[in-house]
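Beneath this line is the structure, given in structure tokens, with notes to follow.
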Amino acid sequence: MKGNYVIIASALFLLASCTAEPVKETSGTSFLEYSILVGGKAYRAADITASNIAVVVPEGTDLSSLVAEFSDNAKSVTVGGVEQESGVSANNFSSLRQGVVYRLKSDSGSYSDITVQVFDSKLPAISIVTAQPGAIADKTTWRDASLRIIDTDGNIQDLGGTGIRGRGNWTWDKYPKKPYALKLDKKQEVLGLPAHKRWVLLAQYRGFIGNPLMFEATRRAPSMDWAPRGYFVELILNGKYNGLYYLCEQIKKDENRVNIASLKDEDVTYPAVSGGYLLEYDELYDEKYKFMSSEFHLPVQLKGPNDSVPDAQFNYIRNYINEMEVEIKKIGSGQESHYYDYLDIDSFADYWMILETIGNYEAYKPRSVKMYKGRDGVDSPAGTVCKLKAGPLWDQELFEVYHQFNSKDMYYYKYLFKDPEFVNTVKSRWPAYKSNLLGNDKYISFVEYLNQMVDLIQNSARRDIHYWGNGYFTLSGEYYPVKQGFVSKIEWMDQQIQNF
């Protein structure tokens with residue numbers, strides 16, 4: 001009897017071995033190449049990760065029955081239990097969130113599941129794969145990654161290595177779709193823009209169009225030397241669709257960006273110490289080198305690539321700002337003011353016109369208000385002071401283009417508008433800026449620029465909103481008020497400025 005128990009137990013063990021589920025493995029079987037066929041052309045995945053692949057195809061492609069072309073190292077490839085044949089088997093990729101799950105089995109019976117997402121777009125795509133798995137969790141740690149660009153024809157450009165980390169404030173803290181900073185291993189052109197290492201991916205949580213519109217409004221102002229240039233892109237992060245982003249230049253000192261001298265640690269005496277400084281006025285006050293200005297109690301922060309700022313440089317720019325504010329507060333007091341010896345009147349006039357045009361609330365706080373000062377006699381004519389310039393505008397999405405905004409009461413401007421010379425500067429510069437906004441031989445109208453932008457991104461924006469569940473700030477909710485109210489806003493501004 002005892003022997004029978006042994007026989008029965010052995011039989012049960014063998015039966016269990018024959019019917020056991022295959023073991024899922026985290027590595028091993030995988031796709032070696034993967035493409036989606038559309039109109040006889042193969043649109044290749046830029047990256048293949050252990051569990052995810054995303055492929056972008058031309059806008060308007062029917063996603064309900066697409067054939068994949070692939071190579072693999074598996075014994076079998078199935079979808080929902082159906083054997084898959086490269087170049088033959090069709091699947092429904094309409095659900096972006098669910099994707100299509102391929103099961104790749106090895107000879108041992110273990111398997112890997114790989115989810116493939118396919119989406120259609122008329123935009124270029126950026127594919128980033130981090131060296132280590134897991135979410136990009138903070139704004140300080142640079143994660144090693146690779147970066148590839150998929151152009152609108154499906155061609156893939158490998159930009160090699162990059163660092164990636166989180167960036168931003170409100171968007172980073174409050175929204176699931178995160179903005180990112182990129183630091184390429186070497187200077188390179190990106191989508192035809194001048195070569196540099198530093199780029200940003202703006203998440204554009206509010207209607208998608210705020211920053212591109214602000215940058216364009218800045219470019220059209222007469223004295224603004226530079227505004228960030230960029231392109232809308234689809235982001236694929238670690239093989240997963242991640243939404244619609246605006247890839248653009250980061251504000252840096254560079255001949256193709258803010259073109260002023262760079263400060264070195266040894267630049268501690270005049271004239272070297274007089275420039276170049278990138279400043280940010282921001283209520284968050286979270287940079288290492290910062291000070292509260294003496295007269296207006298504004299949070300001024302030094303922005304730059306160096307981990308340390310010599311005392312001589314810090315003291316120079318702090319004293320410069322404080323002396324300037326003393327002169328600004330003299331305006332309208334009966335005392336003689338020499339504020340114009342410190343700030344560039346044209347750039348401050350243009351900056352005000354831009355703020356008024358786009359109705360920027362963040363600058364009022366202040367948030368992300370940029371200014372810069374070049375080096376005396378280097379970034380200005382020999383023997384002259386290189387004055388503080390306003391701008392460039394940056395990452396400010398709290399805008400109301402269609403509302404009548406009053407930024408004349410904003411810190412420095414509250415006093416500047418008491419000076420007839422500053423008022424006359426605004427009045428003399430406004431007609432050219434108004435012409436650039438309404439359209440002329442140099443620029444299409446701002447409304448037409450907006451129309452073209454929306455036509456370009458509307459499909460991508462709808463997908464992003466559906467994917468991330470951002471039902472409050474929609475593209476149409478931001479687009480139509482701007483389109484309908486912009487011209488009347490400019491007419492209202494024209495009347496107000498004439499009456500200054």
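Quick notes on this one:
- Matching residues in the stretch 128-152 - criterion: being in contact with a Pro (Cβ under 7 Å, 6 or more places away or on another chain) and either closer than 14 Å to residue 182 by Cβ or of a type outside the set (S, T, N, Q) (or both): 149, 150, 151
- All of 331, 358 fail the test of being at negative phi, out of contact with any strand residue (DSSP E or B) (no Cβ under 7 Å at 6 or more places or on another chain) and not charged (D, E, K, R), apart from 331.
- Some residue of the stretch 139-158 being of a type outside the set (S, T, N, Q), touching a helix residue (DSSP H, G or I) at 6+ places or on another chain (Cβ under 9 Å) and in the same structural domain as residue 51 (by TED's automatic domain parsing): no
- Looking across 307, 350, one residue alone is crowded, with 21+ Cβ neighbours inside 10 Å and of a type in the set (D, E, K, R). It is 350.
- Residue in the stretch 28-43 that is outside any loop (DSSP other than H, G, I, E, B), modelled with pLDDT under 95, of a type outside the set (S, T, N, Q) and farther than 17 Å from residue 94 by Cβ present: no
- Selected residue (only one of 284, 263 is crowded, with 21+ Cβ neighbours inside 10 Å, over 24 Å from residue 422 (Cα atoms) and in contact with a Pro (Cβ under 9 Å, 6 or more places away or on another chain)): 263
- Close contacts from the stretch 446-461, counting a first residue that is under 18 Å from residue 202 (Cβ atoms) and a second that is of a type in the set (Phe, Trp, Tyr) and surrounded by 18 or more Cβ atoms within 10 Å (Cβ to Cβ), with Cβ to Cβ under 6 Å and a gap of 6+ residues or different chains, come to 454/479; 457/232; 461/208.
- A single entry from 186, 177 fulfils the requirement of being of a type in the set (D, E, K, R) and surrounded by fewer than 15 Cβ atoms within 10 Å (Cβ to Cβ): 186.
- Test: residue in the stretch 116-134 that is in a strand (DSSP E or B) and free of Cβ contacts under 8 Å to residues at least 24 places away in the same chain: no
- Looking only at residues in the stretch 360-380 that are without any contact (Cβ under 8 Å) to a residue 60 or more places away in the chain and under 29 Å from the mean Cα position of the chain (by Cα), the one that is farthest from residue 297 (Cα to Cα) is 361.
- Of everything listed in (1) of a type outside the set (Asp, Glu); (2) farther than 30 Å from residue 319 by Cα; (3) modelled with pLDDT of 95 or more, the single unmet condition for residue 208 is (3).
- Search result, residues across the stretch 207-266 that are farther than 24 Å from residue 352 by Cβ and among the aromatic types (Phe, Trp, Tyr): 208, 231, 232, 241, 245, 246
- Residue within the stretch 475-486 that is surrounded by 15 or more Cβ atoms within 10 Å (Cβ to Cβ), in contact with a strand residue (DSSP E or B) (Cβ under 8 Å, 6 or more places away or on another chain), closer than 26 Å to residue 125 by Cα and among the hydrophobic types (A, V, I, L, M, F, W, C) present: no
- Checking residue 79 against (1) within 21 Å of the chain's Cα centre (by Cα); (2) of a type in the set (Val, Ile, Thr); (3) surrounded by 14 or more Cβ atoms within 10 Å (Cβ to Cβ), the condition it does not meet: (1)
- Taking each residue of the stretch 231-254 that is within 17 Å of residue 392 (Cα to Cα) and looking for partners that are among the aliphatic types (A, V, I, L, M) and in a loop (DSSP other than H, G, I, E, B) with beta-carbon atoms closer than 6 Å, six or more apart or interchain, yields 253/260.
- Within the stretch 25-59, tally of residues that are at positive phi and touching a strand residue (DSSP E or B) at 6+ places or on another chain (Cβ under 6 Å): 0
- Of all residues making up the stretch 206-232, the number that are surrounded by fewer than 24 Cβ atoms within 10 Å (Cβ to Cβ) and under 11 Å from the mean Cα position of the chain (by Cα): 6
The values are calculated or read from the model by the stated rules, or taken from the named source; none is laboratory data. This one's a predicted model, so the numbers in the text were calculated from it and none came from an experiment. Positions of Cβ are backbone-derived with ideal geometry, glycine not excepted, and every protein chain shown enters the neighbour counts.
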